[in-house]
Every structure is written in structure tokens, then in C-alpha cells.
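Asks: The structure's right below; bear with me while I get my questions together.
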Amino acid sequence: MAAPTWKWEWNLNTVVVLIGFAGGFVAWGYTLSTMQIGLATSASNIVDLSARVSANELSLRRLDNHELRLTSIEKAADNATASMRALEKTLGDLASDMKVTREILQRLEAAQRRGP
């Protein structure tokens, strides 16, 4: 009995499986490339966002500083208004005291003119 001879034949299933493996490797490479590009883009966007957040924080600090200054100016204006009201009241009281003093002086002068 003779040993069987081996024949080199391409079976359809073998061809389909080899094409499937090759397609899987290509798809895997494409997916890996896409992921790396996405990571690089994400890293770039994160750097941009970090710069924007830093700029926004700086602006926010300036706004807080302005708010503090405006609050102190409003407080000073309220104090000035209260001082002006107190001054107006004092001037009004002084004016009424001057009227009373003038009336008293007029009465004294009138009494001196009439004689004792």
C-alpha cells in the first residue's frame, strides 16, 4: 500500500477565513489609528479648555475686585448721604436759632428805644 500524496489545494473556506483574518487586522489597525487620533485631539482640546478656564478665572477675579470696590463706594456714598442729612439738619437748627436770636435782639432794641 502506498502513502497518500499530499495535494496543494485552496479550499473556499480557507480563503474566506484568511480574508476574514486580514480584514480583522485591517479593521483593528484602523480602529487603533482612529483612537490615537481621537486621543490626540482630545488632549489638544483639553489644553485649549484649560487655557480658557484660566482666562475666565482671571476675569472672575477682576469682577470680584470690581464688586468689592463698588460695594465700598456705595457704602461711602451712603455715609456721605447720612452726613449731608445731618449737616442739613444742623444748618436748619442753626437757622431757626438765628431767627430766635434776631427776634430777641429786635425786642431788646425796641425796649431800649422806648426807654425805661
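Asks: Out of A111, A51, I need the residue that is of a type in the set (A, V, I, L, M) and modelled with pLDDT of 95 or more. Which one?
Replies: Just a single option satisfies the conditions, and that option is A51.
Asks: Assess whether T14 counts as being modelled with pLDDT under 95 and loosely packed, with under 10 Cβ neighbours inside 10 Å.
Replies: No, not satisfied.
The values are calculated or read from the model by the stated rules, or taken from the named source; none is laboratory data. Just so you know, these numbers come straight off a predicted model, no measurement behind them. Positions of Cβ are generated from backbone atoms using ideal geometry, with glycine treated the same way; all protein chains shown enter the neighbour counts.
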